[in-house]
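Notes follow the structure.
The values are calculated or read from the model by the stated rules, or taken from the named source; none is laboratory data. No experiment lies behind these values; they were computed from the predicted model shown. Ideal geometry is used to build each Cβ from the backbone, glycine not excepted, and the neighbour counts take in all protein chains shown. For accessibility, only protein heavy atoms count, side chains too; no ligands or nucleic acids. Shrake-Rupley method; radii C 1.70, N 1.55, O 1.52, S 1.80 Å.
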Amino acid sequence: MSRSGSTRWGRIAVRDRLRSLLPDTDPELEDSQPSRRGLAMVLSVVVAAVMWFSFSMRETYTPTMQLPIEVARTPAGQALREPAPSTATVTLAGEGWDLLTLTRRPPTIRLFADGPTIDVATALQESGLPSGIRVQSIQPQTIELALDTQTRRRLPIRLRQDIQTMAPFDLLRPPQLLPDTVEVTGAQALLGVLDDWPTELMVVDNLEDSMTETVALADTFNGLLSPAVQSTRVLIEIGEFTEGERSLPIEVENLPPDVAGVRFDPERVNVVFRAPLAGDTYTRALESRDVRAVVDYFDIRRDTTDGEVPVSIKRPEGLDIRDVRAQPERVGYFIQRRSTDAVGSGS
């Protein structure tokens with residue numbers, strides 16, 4: 001047998017040997033399962049990708065990234081009156097594996113200031129860069145802190161609120177705060193312009209019962225000032241209100257000596273108001289002589305209409321009635337002068 005013939009028969013033998021090692025399959029089974037060849041190709045691609053990534057991460061790279069800046073300490077007895085830059089642009093050099101760790105957990109550049117000028121690169125190294133990573137460049141290279149004398153002030157807490165009650169309920173009194181003041185530490189120039197310290201906006205809708213809620217204090221100076229407490233408790237007392245009405249004669253105030261009196265048309269008005277059901281406020285509003293319907297004579301002197309002036313309702317301090325109004329709100333008037341005892345209208 002020739003050499004070429006023996007080679008051909010050898011290939012056939014190897015092929016038959018490989019076929020004997022594989023399980024027999026029918027066409028339906030081959031269609032329902034991935035072929036071994038396809039699985040081998042997928043595994044080859046995955047292994048190749050892992051090897052490529054592994055070798056690539058051993059290369060040296062120089063990425064540029066933004067790192068946050070935090071002022072961790074100011075010189076003794078001093079505080080910031082203006083915020084420092086919030087980020088620094090840093091170009092680093094190092095192996096891919098080290099840079100990958102840094103990208104997942106970027107460090108914060110913490111500034112421990114002993115004076116107004118700080119070297120940012122030094123602060124970054126002290127903040128804990130992974131070993132093997134070098135700083136190529138950084139902007140800004142130095143930071144000049146705006147410092148002022150540190151001081152403390154106690155300020156009243158101001159509640160920012162949007163409280164809506166469900167009819168016929170209303171607040172019995174303004175919300176109470178506990179605590180209602182806060183000690184604030186910071187730059188003297190900033191604290192000197194403050195009258196109070198606000199809370200975050202408190203929003204309550206359709207309130208029909210008393211409640212207590214904790215509200216955070218607002219950070220109105222972006223961390224430059226430090227309140228001693230971070231929140232306050234707000235007590236809101238709710239009561240049910242009802243509407244009342246009474247009729248009152250109209251009185252005139254600030255009558256000049258040459259005027260004998262003023263007659264009004266009509267001579268009486270109805271006073272409509274809301275009062276809380278609990279307690280004696282409603283009864284006092286109906287019976288108190290200190291609830292009066294009044295026209296100021298100066299309004300008559302200033303009148304440029306066709307002879308009508310507004311009626312105001314006066315009530316004693318401590319009488320908690322609300323939405324008080326006169327019906328009608330304006331009345332006609334007739335002036336009675338002493339000199340002629342004549343009756344005038346609108347003059």
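Below, the figures for the structure above:
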{"item": "Cβ-Cβ under 9 Å pairs, at least 6 apart or on other chains, region 318-335 side in contact (Cβ under 8 Å) with a residue 60 or more places away in the chain, far side in a loop (DSSP other than H, G, I, E, B) and crowded, with 18+ Cβ neighbours inside 10 Å", "result": "Ile321/Val291; Pro328/Val311; Val331/Val311"}
{"item": "Residues located in region 188-224, provided they are over 15 Å from the mean Cα position of the chain (by Cα), open to solvent by 50 Å² or more (accessible area, probe 1.4 Å) and closer than 30 Å to Pro168 by Cα", "result": "Asp205, Asn206, Glu208, Asp209, Ser210, Thr212, Glu213"}
{"item": "Verdict on Thr91 being under 30 Å from Gln188 (Cβ atoms) and either among the aromatic types (Phe, Trp, Tyr) or touching a residue at least 40 places away in the same chain (Cβ under 8 Å) (or both)", "result": "no"}
{"item": "Looking only at region 44-71, and only at residues there that are open to solvent by 60 Å² or more (accessible area, probe 1.4 Å) and closer than 17 Å to Ala121 by Cβ, the one that is modelled with the lowest pLDDT", "result": "Thr62"}
{"item": "Qualifying residue in region 271-286 (condition: in contact (Cβ under 8 Å) with a residue 12 or more places away in the chain, under 30 Å from Arg173 (Cβ atoms), aromatic (Phe, Trp, Tyr) and open to solvent by 20 Å² or more (accessible area, probe 1.4 Å))", "result": "yes"}
{"item": "Residues of region 64-110 that turn out to be within 29 Å of Thr149 (Cα to Cα) and over 28 Å from the mean Cα position of the chain (by Cα), as a count", "result": "4"}
{"item": "Residues satisfying the stated conditions in region 288-304, i.e. without any contact (Cβ under 8 Å) to a residue 12 or more places away in the chain and either under 46 Å from the mean Cα position of the chain (by Cα) or part of a loop (DSSP other than H, G, I, E, B) (or both)", "result": "Arg289, Asp299, Arg302, Thr304"}
{"item": "Every pair of residues 6+ apart whose Cβ atoms lie under 6 Å, when the first sits in region 250-266 and is assigned to a loop (DSSP other than H, G, I, E, B) while the second is modelled with pLDDT of 90 or more and not small (Gly, Ala, Ser)", "result": "Asn254/Asp296; Asn254/Tyr297; Asn254/Phe298; Leu255/Tyr297"}
{"item": "Of residues in region 305-315 being assigned to a loop (DSSP other than H, G, I, E, B) and either on the phi > 0 side of the Ramachandran plot or more than 44 Å from the chain's Cα centre (by Cα) (or both), the one surrounded by the most Cβ atoms within 10 Å (Cβ to Cβ)", "result": "Gly307"}
{"item": "Residues that are under 39 Å from the mean Cα position of the chain (by Cα) and either surrounded by 15 or more Cβ atoms within 10 Å (Cβ to Cβ) or within 17 Å of Val252 (Cβ to Cβ) (or both), drawn from region 316-337", "result": "Leu319, Asp320, Ile321, Val324"}
